[in-house]
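The values are calculated or read from the model by the stated rules, or taken from the named source; none is laboratory data. Everything numeric here is computed off the predicted structure, so don't read it as measured data. Cβ: placed from backbone, ideal geometry, glycine included. Neighbour counts: every protein chain shown. These area figures cover heavy atoms from the full protein model, side chains too; ligands, DNA and RNA do not enter into them. Shrake-Rupley method; radii C 1.70, N 1.55, O 1.52, S 1.80 Å.
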Amino acid sequence: MNDSFDMIVIGAGPAGEKAAAQAAFYGKRVAVVDRAASPGGSAVQSAGVPTKTLRETALYLTGFRRRDTYGLSLQLLPSLALERLLARTAEVIATRTASVQANLDRNRVQLLRGQARLGPGPSVIVRSEDGSERDPESIIGLDRIPRSMVVVGGGPVGCEYASVFTALGVEVTLLDLADRLLPFMDTEISDVLARAFVGMGMRLALGSGVGTVARVGGQLRVTLASGERLHPEKVLFAAGRAGSTEGLGLPEAGVKTDARGRIVVDETYRTTAEGIYAAGDVIGPPALASVSMEQGRVAATHAFGIAFKQTLDPLPPYGIYSIPEAAMVGMTEQAARAAGIDCEVGRGWFEHSPRAQIAGATEGLVKLVFRRDDRRLLGVHIVGEIAGELIHQGQGAIGAGEPIDTFIDRTFNLPTFSETYKYAAYDGLQRLEGKQP
Ligand SMILES: Cc1cc2nc3c(=O)[nH]c(=O)nc-3n(C[C@H](O)[C@H](O)[C@H](O)COP(=O)(O)OP(=O)(O)OC[C@H]3O[C@@H](n4cnc5c(N)ncnc54)[C@H](O)[C@@H]3O)c2cc1C
């Protein structure tokens, strides 16, 4: 079958869905091709949505958030827990898949199923799949909750899985070559997170190196660089991801990739081939669904010269959905100092927050990084309950070029976690005046 469209998008993940909807909203005839049985991409089908659902369900089923406050610790039968986790995850995936499909339908975007590659012209050649559904993936392929697990990789995905499985009662060891968790984040946030993990019962082996992972006599054996041997029931690798660009016919179409196979684009998301744009994980870091969506939208406006949303937000926040959560926006204290900026910090601790005390969630920190001369906010770093939500206030203030005084001048609802911003700002001012150690 031959058909023609103003735009054909390969991949119905966050980048593809939003690019398609953006172009269609402006009256373009758009099709999206995906080889998967359902739209949504890895974000909906196997990565972000399932892991976040796993996290929420684990917190709920184990009463983890409040177990110290009420002296309660729920012990679920492992088989029952897995059954509930899988059922809830399947439900949320179905709901999210339906939302993506509804967005495509609302915008009259045609969804085609099949394996796509670039053809001459430019054109897109779609090879239909045989129609068979792939087996639904269970949570990282588990058929039961293991007794013990080694997680390799202390990045966002490793931290998320390691803390969620610890909350579920699994004996977890988290390994990384680096000597701290989440090396791109402020060191203080990494440290608070590491303490929280250890407090939950996780073992951290940072900077220890991973020697080898082998299966010996049917048993997994992880040997650390120090020679120490671990015998976990499962090993989870969370040490890096790569965009899937093979089989797209990129070289033939004149689309240049870098040494890691990532598609090279300019600031308008145009590739080296006329009329071909790329967005999302295939172009490399930060490889977030949040940013991929924005890239998709911006790519679509450039592709058609639409005078709307022409640039990407230069200040995206990062959220890590571990237990506890962590989030950041802007410069870390280390980056600011390395850049030669005369900066100061202000800290607000959840332990002093009435809301955190009432909720029994007193482990947390809001850290502000700001310039000493005009007190302009440069970065916000948060660890603790709802960090991923709280970060947006910092994002707004940095984006508006505000000084930390903005938090002092505002009235916050009481009790709230947000109010911690005010005390972090007061702490910063006191430091400026030399009233804090
Ligand atoms: C465990 C985990 C947790 C994460 N958590 C978060 C989070 O909390 N927040 C966040 O912002 N990001 C998160 N991410 C990252 C996020 O999932 C990705 O950045 C996002 O999915 C990238 O979107 P995309 O559209 O580029 O690609 P994808 O979501 O991977 O979608 C690509 C789609 O293209 C299709 N496709 C590929 N090649 C072809 C082809 N040749 N023909 C037809 N179809 C094709 C695939 O089937 C797929 O549906 C997480 C990732 C992981 C692994």
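Details
- Failed criterion for Val380 (all others in (1) part of a loop (DSSP other than H, G, I, E, B); (2) open to solvent by less than 50 Å² (accessible area, probe 1.4 Å); (3) touching a Gly at 6+ places or on another chain (Cβ under 8 Å) hold): (1)
- When residues in region 8-33 are screened for being assigned to a helix (DSSP H, G or I) and either in contact with a Leu (Cβ under 8 Å, 6 or more places away or on another chain) or within 13 Å of the ligand (Cβ to nearest atom) (or both), 8 of them pass.
- Residues within region 62-85 that are surrounded by fewer than 18 Cβ atoms within 10 Å (Cβ to Cβ) and at pLDDT 80 or above, tallied: 2
- Sub-7 Å Cβ pairs linking a first residue in region 44-65 that is within 25 Å of Arg241 (Cα to Cα) to a second residue that is within 7 Å of the ligand (Cβ to nearest atom) and in a helix (DSSP H, G or I), at least 6 apart or interchain, are Gly48/Ala289; Val49/Ala43; Thr51/Glu160; Arg55/Glu160, ordered by first then second residue.
- For the criterion of being surrounded by 14 or more Cβ atoms within 10 Å (Cβ to Cβ), more than 15 Å from Val124 (Cβ to Cβ) and within 14 Å of the ligand (Cβ to nearest atom), Gly240 fails.
- Lys52 satisfies every condition listed in (1) at pLDDT 90 or above; (2) within 24 Å of the chain's Cα centre (by Cα); (3) under 26 Å from Arg108 (Cα atoms) except (3).
- Matching entry among Val282, Val298, Val265 (being assigned to a loop (DSSP other than H, G, I, E, B), within 15 Å of the ligand (Cβ to nearest atom), crowded, with 21+ Cβ neighbours inside 10 Å and within 23 Å of the chain's Cα centre (by Cα)): Val265
- Residue list for region 383-414, restricted to those being assigned to a loop (DSSP other than H, G, I, E, B) and open to solvent by less than 50 Å² (accessible area, probe 1.4 Å): Gly384, Glu385, Gly401, Ile404, Phe412
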